[in-house]
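Heads up, the thing below is written out as structure tokens.
The values are calculated or read from the model by the stated rules, or taken from the named source; none is laboratory data. Note that the structure is a prediction, hence the values are computed from the model and not measured. FYI the Cβ positions are ideal-geometry reconstructions off the backbone, even for glycines, and counts take in every protein chain you see. Heavy atoms of the whole protein, side chains included, go into the accessibility calculation; ligands, DNA and RNA do not. Shrake-Rupley method; radii C 1.70, N 1.55, O 1.52, S 1.80 Å.
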Amino acid sequence: MPLLDELIKETKNLEKEIVVLSQEEKKEIQNILSREEKTAELLLAWLEKNPKPKIDLIAVTSGPGLEPALWAGINFAKALSIAWQIPIIGANHLVGHLFSPWLAGHNPQFPFLGLIISGGHTELAIIRSFTDYQIIGSTRDDAIGEAFDKVARLLGLPYPGGPAISELAKKNKTRKEIFNLPRPMINSQDFDFSFSGLKTAVLYIIKKKEKLDEKEKIAMADGFEKAVGDILAKKAINALEKYNLKTLVVGGGVSANSALREILKEKLTNYNNKTKIYFPETKYSTDNALMIAQAGYFKFLKDGQDNLDKLIANGNLSLK
Ligand code: KG4
Ligand code: ZN
């Protein structure tokens, strides 16, 4: 309910209307939230005290992700849709990340190369329109964010590992690489990635040295970012070249990383200084509701609203 309070505050410029729910609607809401009785109770009480904001569409993540978590969101959104009589649409989390740079007012031209780097995904895709995507490469093992999180753990850093590694790496003033970490699959002719070997290389170095001192930890964090940056840049450049694309759009939690942004910008500009590269605002790199609203809107333009009964969670939803 605190989120709904926030919604009402955020929609301060929109008209509001008090709705009185019929017994039938109340029953329908209780039914949809039957597994979360307490939530149903709180929501019904909240709806009696708060007005309906004048919004046109409710977008909710339908996948990919853990299905119980997805269902919790979907059922809540359905309950709101019934209460407020507002259409609903399921949005793809990955599409949300992909178009997150648009939230900053950027408007990259189609077709472009999309690079999604998050806790669960590492995908390269050709994006021909807001709704036409072709995946050309993915990770064969760990997702890139997962690799950041695991390496952070090896370095004794807190979760989530990405921001922690980034902070530590920034302390490396010499920017010299002392560990020479591998760049798995950097020279493979496809567009797939593999990050588990990089993580294992970090593990072996730490094991061999028994303990890293602070300076070595800093160098490891920095070296890890450099290795990841080199891999991402090389794959992106190969794909731009092969598919004759001029624009790269990057999204996902790991795109918040400032060192990776710099490496990608530098290497892509060296490759071709006419190449354009777009990132989300840092605050919209990691998971956020705005990117889901936008992805839902694009899908709505193409397919229209979802039928309440047909909107289901799909843990394995891919970029399509
Ligand atoms: O997109 P996201 O918020 O959630 C998923 O869809 O997975 O991504 C989360 C991932 C985590 O693995 C986290 O460590 C990583 O993004 N991350 C970062 C940074 N901020 C978040 N990785 C590197 N540098 C960062 N600054
Ligand atoms: Zn995400």
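Some values worked out for this structure:
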| quantity | calculated |
| --- | --- |
| Number of the exception - Ser129 against (1) under 22 Å from Tyr284 (Cβ atoms); (2) crowded, with 20+ Cβ neighbours inside 10 Å | (2) |
| Count of the stretch 28-47 residues which are open to solvent by 50 Å² or more (accessible area, probe 1.4 Å) and either under 31 Å from the mean Cα position of the chain (by Cα) or under 16 Å from Gln85 (Cβ atoms) (or both) | 7 |
| Residue within the stretch 160-180 that is buried (at least 20 other Cβ atoms within 10 Å of the Cβ), at pLDDT 95 or above and in a loop (DSSP other than H, G, I, E, B) present | no |
| Among residues of the stretch 91-114, those that are under 14 Å from Glu281 (Cβ atoms), touching a strand residue (DSSP E or B) at 6+ places or on another chain (Cβ under 7 Å) and within 16 Å of ligand 2 (Cβ to nearest atom), counted | 3 |
| Wholly enclosed strands (runs of 3 or more DSSP E) of the stretch 67-146 bearing at least 1 residues free of Cβ contacts under 8 Å to residues at least 60 places away in the same chain | 122-129, 132-138 |
| Residue selected from the stretch 268-292 under the condition away from ligand 1 (no atom under 16 Å from the Cβ) and assigned to a helix (DSSP H, G or I), by the criterion nearest to the chain's Cα centre (by Cα) | Leu268 |
| Pair list, Cβ under 6 Å, 6 or more apart: the stretch 161-188 residue outside the structural domain of Ile218 (by TED's automatic domain parsing) and in contact (Cβ under 8 Å) with a residue 60 or more places away in the chain, other residue open to solvent by 50 Å² or more (accessible area, probe 1.4 Å) and acidic (Asp, Glu) | none |
| Hits in the stretch 260-310 - residues which are open to solvent by less than 80 Å² (accessible area, probe 1.4 Å) and acidic (Asp, Glu) | Glu281, Asp306 |
| Subset of the stretch 19-48 (residues that are basic (Lys, Arg) and assigned to a helix (DSSP H, G or I)) | Lys26, Lys27, Lys38 |
| Positions within the stretch 237-254 being out of contact with any Leu (no Cβ under 6 Å at 6 or more places or on another chain), under 25 Å from Tyr284 (Cα atoms) and more than 8 Å from ligand 1 (Cβ to nearest atom), in sequence order | Ile237, Lys246, Thr247, Val249 |
| Residue that is surrounded by the fewest Cβ atoms within 10 Å (Cβ to Cβ) [pool: residues in the stretch 60-79 that are away from ligand 1 (no atom under 16 Å from the Cβ) and closer than 28 Å to Gly253 by Cα] | Pro68 |
| The stretch 89-123, residues that are hydrophobic (A, V, I, L, M, F, W, C), surrounded by 23 or more Cβ atoms within 10 Å (Cβ to Cβ) and away from ligand 1 (no atom under 16 Å from the Cβ) | Ile89, Leu113 |
| Members of the stretch 189-203 that are assigned to a loop (DSSP other than H, G, I, E, B) and open to solvent by 30 Å² or more (accessible area, probe 1.4 Å) | Gln189, Asp190, Asp192 |
| Qualifying residue in the stretch 208-221 (condition: at pLDDT 95 or above and in contact with a strand residue (DSSP E or B) (Cβ under 7 Å, 6 or more places away or on another chain)) | no |
| Hits in the stretch 240-258 - residues which are in contact with a Gly (Cβ under 8 Å, 6 or more places away or on another chain) and open to solvent by 20 Å² or more (accessible area, probe 1.4 Å) | Gly253, Ala256 |
| Answer residue from the stretch 221-259, given it is aliphatic (A, V, I, L, M) and within 16 Å of ligand 2 (Cβ to nearest atom) and is farthest from the chain's Cα centre (by Cα) among those | Val249 |
